[in-house]
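Notes for the one structure printed next.
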Amino acid sequence: MTTERIRGISSFIVMDVLEKAHEMERSGVNIIHLEVGEPDFDTPACVKAAACKALENGHTHYTHSLGMIELREAICQYYADAYGVSVDPGRVVVGSGTSPVMFVLFSALLEDGDEVIISDPHYACYPNFITFMKGVPVTVPVHEEDGFQFRPEEIERRISARTRGVFINSPSNPTGNLLSAERMEQIAALSPQVISDEIYHGLVYEGEEHSILEFTDDAFVLNGFSKLYAMTGLRLGYLIAPERFIRPIQKVMQNFFISANAMVQVAGIAALKEAGPDVARMKATYNQRRVYMVRRLKELGFGITVEPTGAFYIFANAKHLSNDSYRLAFDILEKAHVGVTPGIDFGQNGEGYLRFSYANSMENIEEGMKRLERYLSKRS
Ligand SMILES: Cc1ncc(COP(=O)(O)O)c(C=O)c1O
């Protein structure tokens, strides 16, 4: 028998789609994967070289529990260059991915029954992090006509004596949209602390992303190397927290994680300092795919009211096809051999939508769109 804590968390539906796709592939079916939220690019050569060199140079031991100081300094320099904000390296906690530091953050922030406000739709794992720590996720619907941006007044209405944080994610997974500076400023001015997941920063094709630290220092930033630097499997991420939280968080890091992988931290320094040209190349390619995919999905009749300008996702309205996105996604997989993520994976308000990822080659995206076109013509 497992614990109530584990029974309280849901599975990640996109993994069900992926597992079914893999089963079909094993029986010889060719699948176009537009469901995965993982860069298709190889990790930049400078990052791989730095990791190999780090191994040779003996970076095979524990590091400081908050992360190597050189990496924490490089992260602060990156935030200074990108957003003009000054962050002390003593406020940075490095972990093996954004996910583990999110876990640590909620362990430090939440008492039983404390509330965290999240958008609906939202990144599928957020409510699970919160409920696992005995907190309560409070959802605020965001709307297609607003480009799925939070309305600050709707957040305000849900603030209670138990609210410990407001989660923002811009550019967002699953919508690919950005939160405007004006709305971020308004949200930062509300009483709960903001938790800003900035993992898709740098992958912005129109407009500009903003760090929450431009508006307030009393906030939490989550960020990592998985997306921007195509380093998902290397596992590296970080948290920037107000100083008073660092010592308590450090106790958790010391006891439960000891430190992030040493060699990967050295690779992270190389990513921040040397991978700029690689990021520019990947970003330009993502943008070409984005423009193409938005156009094709619209031609195929999907609703995209506000074009996404960040991350590598398009959250398309498919309500004219079905109000059961789970069944629709499996139908598309089985009949068109294209993997897409059902909107319901991202919350009740995501029902009726499908998330398409353009983290795949242009050739595969073109083929995926052709298959979808054939599938739709047979339905009608
Ligand atoms: C919004 C968001 N936050 C966090 C993560 C987790 O990233 P990491 O690989 O750094 O644990 C993801 C991964 O898909 C994500 O989409």
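The values are calculated or read from the model by the stated rules, or taken from the named source; none is laboratory data. A quick note: this is a predicted structure, and the numbers were derived from the prediction, not measured. Cβ placement follows ideal geometry from the backbone for every residue including glycine, while neighbour counts extend to all protein chains displayed. Accessible surface is based on the protein model in full, side chains and every heavy atom, while ligands, DNA and RNA are left aside. Shrake-Rupley method; radii C 1.70, N 1.55, O 1.52, S 1.80 Å.
Which sequence of 331, 217, 345 reflects their accessible areas, 1.4 Å probe, from the largest down? Don't skip to the end; give the middle numbers.
Details: 331 35, 217 85, 345 15 Å².
Ranking 331, 217, 345 by accessible area, largest first, yields 217, 331, 345.
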What number does the stretch 37-95 give for Rg over Rh if you use C-alpha atoms and the Kirkwood radius?
1.04
Roughly how many Å² of residue 370 are accessible to a 1.4 Å probe, to the nearest 10?
110 Å²
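Report the per residue volume, in Å³, of the convex hull enclosing the C-alpha atoms of the stretch 130-279.
Numbers: hull volume 21.3 nm³, N = 150.
Taking the convex hull of the Cα positions in the stretch 130-279, it is 142 Å³ per residue.
Grab the Cα-Cα distance for residue 23 and residue 257, subtract it from 0.36 nm times how many residues apart they are, and report the gain in nm with one decimal.
Numbers: separation 234, 0.36 × 234 = 84.24 nm, distance 3.44 nm.
Roughly 80.8 nm would be gained on extension.
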State the extension gain, in nm to one decimal, for the chain segment bounded by residue 298 and residue 80, taking 0.36 nm per residue of separation less the distance between their alpha-carbons.
74.6 nm
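Stretched out fully, how many nm does the piece from residue 158 to residue 88 gain, at 0.36 nm a residue minus the Cα gap?
Working: separation 70, 0.36 × 70 = 25.20 nm, distance 3.28 nm.
Contour length minus Cα-Cα distance gives 21.9 nm.
Taking 30 Å as R0, compute the FRET efficiency from the Cβ-Cβ separation of residue 57 and residue 285 and round it to 0.05. Don't jump to the answer; show the numbers that get you there.
Values: r = 33 Å, r/R0 = 1.09.
Working from the Cβ atoms, E equals 0.35.
Once the mean 1/r over all distinct Cα pairs of the stretch 1-48 is inverted, what Kirkwood radius in angstroms do you read off? Don't skip to the end; give the middle numbers.
On the way: mean 1/r = 0.0717 Å⁻¹.
Final number for the Kirkwood radius of the stretch 1-48 is 13.9 Å.
Taking every DSSP beta bridge with both residues inside the chain, roughly what % is antiparallel (nearest 5)? Let's see the in-between values first.
Working: 17 of 36 bridges.
Close to 45 percent.
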Set of lysines near residue 370 by C-alpha distance (under 22 Å), chain-local residues within fewer than 8 positions excluded:
20, 298, 319, 335, 378
Just to be sure I understand the model, the point goes 7 Å from the Cα along the line to the Cβ. What's the resulting residue 42 to residue 367 distance in nm?
2.0 nm
Ranked packing of 252-258, 350-356, most packed first, by mean Cβ within 10 Å
350-356, 252-258
If you line up the Cα atoms of the stretch 215-274 on their principal axes, what length do they span on each, largest first, in Å?
33, 32, 17
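Can you pull a Stokes-Einstein diffusion coefficient for the stretch 283-380 at 4 °C (1.567 mPa s), Rh from Kirkwood over Cα pairs, as a whole number of µm²/s?
Translational D for this selection: 96 µm²/s.
May I ask for the net charge around residue 17, where only other residues with Cβ less than 9 Å from the Cβ of residue 17 are counted and Lys, Arg are +1 while Asp, Glu are -1? Walk me through the intermediate numbers first.
Working: positive: 20; negative: 16, 19, 35, 345.
With Lys, Arg at +1 and Asp, Glu at -1, the neighbours total -3.
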Label-point gap, in nm, between residue 189 and residue 146 - each point 7 angstrom along Cα→Cβ:
1.6 nm
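Using a 1.4 Å probe on the protein heavy atoms, what percent of the accessible area of the chain belongs to carbon and sulfur? Don't jump to the answer; show the numbers that get you there.
Details: 7810 of 15990 Å².
Carbon and sulfur together cover 49 percent of it.
With a ≥ b ≥ c the root eigenvalues of the C-alpha gyration tensor of the stretch 121-199, is it rounded (a/c under 1.5), prolate (a/b larger than b/c) or oblate? Working shown, then result.
Numbers: a/c = 1.65, a/b = 1.18, b/c = 1.40.
The shape class here is oblate.
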Calculate, in whole percent, how much of the Cα-Cα pair population of the stretch 133-177 lies beyond 11 Å.
71 percent
Would you list which lysines come within 21 Å of residue 283, measuring only between C-alpha atoms, while excluding same-chain residues fewer than 8 positions from it?
48, 227, 273
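Need one number: convex hull volume per residue for the stretch 199-317, Cα atoms only, in Å³. Write down the numbers at each step before the final one.
On the way: hull volume 17.3 nm³, N = 119.
Cα-based convex hull of the stretch 199-317, divided per residue, equals 145 Å³.
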Paired Rg and Dmax values of the chain, which use every Cα atom, in angstrom
20.5, 62
Looking only at lysines whose Cα falls under 21 Å of residue 251's and that sit 8 or more positions away or on another chain, we get 134
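Leaving out ligands and nucleic acids, and using a 1.4 Å probe, what accessible area per residue does the chain come to in Å²?
Values: 15990 Å² over 380 residues.
Roughly 42 Å² per residue, with all protein chains present.
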What order do 25, 153 take when sorted by accessible area (1.4 Å probe), most exposed first?
153, 25
Can you compute log10 of I(q)/I(0) for the stretch 1-87 with the Debye formula, treating each Cα as one identical point scatterer, at q = 0.17, 0.19 Å⁻¹?
-0.99, -0.97
